1. Averaged over all directions, how much area does the convex hull of the C-alpha atoms of segment 1-111 cover when projected, in nm²?
2. For the residue pair Phe208 and Glu253, what label-to-label distance in nm results when each label sits 7 Å from Cα along the Cα-to-beta-carbon direction?
3. In units of 2.2 N^0.38 Å, what is the alpha-carbon radius of gyration of segment 151-251?
4. Rounded to the nearest 20 debye, what is the charge dipole size of the chain about its Cα centre when +1 sits on each Lys and Arg Cβ and -1 on each Asp and Glu Cβ?
5. Would you list the P(r) distribution for segment 92-219, with all Cα-Cα distances sorted into 5 Å bins from 0 and each bin expressed as a whole %?
6. In what sequence do Asp217, Asp263 fall when counting other Cβ within 10 Å, fewest first?
7. Students often check this: by mean Cβ neighbours within 10 Å, which of 50-63, 87-100 ranks highest, and how do the rest follow?
8. From the C-alpha gyration tensor of segment 194-271, pull out the three semi-axes of the equivalent ellipsoid (sqrt of 5λ each), sorted largest to smallest, in whole Å.
Amino acid sequence: MKITLINDLSGYGNCSLTANIPVLNVMGHETHPFPTAVLSNQTAYDSFFMRDCSADFAAYIAEWDKLGEKTDCVYAGFTPNAAVPEQAADLAEKYGAIFFFDPVLGDKGELYKCFDSSFIPRYRAAAARAQYITPNLTEACILGGEDFFSVCAEKSESAFLERVFTLAETLCRAGTKNAMITGAPYGKKLFNVCLFGGKRALFSCRYFEKSYSGTGDLFDSVFLGALLNGEPPAQCVARAADFVSRCIAYSIEKNIDSRHGVDFTPFLKEL
């Protein structure tokens, strides 16, 4: 299938488009990227250069339209411009394509340093139009109006998971068709808390002391690649989580800097 990838291009960091493209290509899909920004390296490093390319989106798509091309799925990830996810949703609706949205906003209870509160209502509006969203717990709390630290302070695992499932249901009531809250941490455990067609699904993930940038992009890519190949959503989650876990374990063994992202290339042939 043809997938329009709306994400950044980072020179270092093994994330975003440099993760999306090889995974989706090896899974049999045709990828067409629009770089929302070009970065010297991803934003977890102490400093980085970023060129915002988002203003070129309309002109970019206009040229694609001249080619008579269409798309089967529009994937939206990182952008420095709050309007881009809604433009991505417009594009998906124009072609009757799936809109898959990873609302990159923050982590560990805080917005990333390149975002501010003006992004939140625009991202909520875009998420409400998506067939699939994959926020982490921080992003889900931001979009759903929950307090991240209150959720994480629940005194039992069952109470924590109920709060996260309720949060997923809040997002779906706002319009999202399917919500996956990825890598939700509780104690020494990680969970993918999912709502597919209104039905709850819970997946535990392998917990690692060391975390890596770009693993969300890998999760999204494997999940989406499998989904577009006709696999059931629950199976797609299991495949994506297993792939990411193997990549992290291998990268820890090789002592790779967490900011550099995981080395996933040895595992591409297994997809």
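1. On the way: hull surface 29.2 nm².
Projected over every direction and averaged, the Cα hull of segment 1-111 covers 7.3 nm².
2. 1.2 nm
3. Details: Rg = 13.7 Å, N = 101, 2.2 N^0.38 = 12.7 Å.
Segment 151-251 yields a ratio of 1.07.
4. Values: 25 positive and 32 negative charges, 109 e Å.
Approximately 520 debye in magnitude.
5. 2, 11, 22, 24, 22, 13, 5, 1, 1, 0
6. Values: Asp217 30, Asp263 16.
With the fewest neighbours first, Asp217, Asp263 line up as Asp263, Asp217.
7. 87-100, 50-63
8. Numbers: eigenvalues 115, 40, 18 Å².
Calculated on Cα positions only, the semi-axes equal 24, 14, 9 Å.
All of the numbers you see were taken from the coordinates with simple rules; none came from a lab. Because the structure is a prediction, the values reported are computed rather than measured. With ideal geometry, Cβ positions are generated from the backbone for all residues, glycine too; neighbour counts draw on all protein chains shown.
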